[in-house]
Amino acid sequence: MAIELFGSVAVASLRIMSKKDMSNRSTEYAVMRKEPGGGAMANNWNIPADLEQEVRERDRVCVYCRNEFLSHKESAKASASWEHIINDASIITRENICLCCRGCNASKGQKKLSDWLLTNYCKERGITADTVAPIIKQAIENGQ
Ligand SMILES: [Zn+2]
């Protein structure tokens, strides 16, 4: 009985929110969560909205293989994912946060950048210190 009552109170308070509130919220949600390829990509990394926006505008293609992002529906491997260049989720800076495709992200895993560039994955795809995005070149110069 108590749970049922709580449920109806929650529904009632949702209905009190004006339609304007609701539409503002969904617009904000759509802008923040829009994946470059078109689908939905959750930001589970506590990346502030302004930094997220900045990185999305900078990293239009995978920072590693430079392939265009596709929606998750079109190709899970080619869809965009958040990458921490130094594999530490607590470093939330424009230098450490970037967007790469899921394929590169999965392959890089916990590896140090310079070690990962020596893997077959990178060799097969021609990914080298010279072909990666400027933000990655900068990380390599800084010893990553
Ligand atoms: Zn990639």
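The values are calculated or read from the model by the stated rules, or taken from the named source; none is laboratory data. Because the structure is a prediction, the values reported are computed rather than measured. Note that each Cβ is placed from the backbone with ideal geometry, even for glycine, and that neighbours are counted across all protein chains shown. To get the accessible areas, we keep the full protein, side chains included, count just its heavy atoms, and leave off ligands, DNA and RNA. Shrake-Rupley method; radii C 1.70, N 1.55, O 1.52, S 1.80 Å.
A few notes on this one:
- Accessible-area composition of the range 34-141, carbon plus sulfur, in percent [1.4 Å probe]: 49
- Relative intensity, log₁₀ I(q)/I(0), of the range 34-141 from a Debye sum that treats every alpha carbon as a point, q = 0.18 Å⁻¹: -0.83
- Whole-number accessible area per residue in Å² for the range 34-141, which is evaluated in the context of all protein chains at 1.4 Å: 54
- The Cβ shell under 12 Å around TRP45 holds other residues with a net charge of -3, Lys and Arg each +1, Asp and Glu each -1.
- Residue order for ARG60, ARG102, ARG94 - accessible surface, 1.4 angstrom probe, largest first: ARG60, ARG94, ARG102
- Two-site FRET efficiency, ILE92 against GLU57, from Cβ-Cβ distance with R₀ of 22 Å, rounded to 0.05: 0.85
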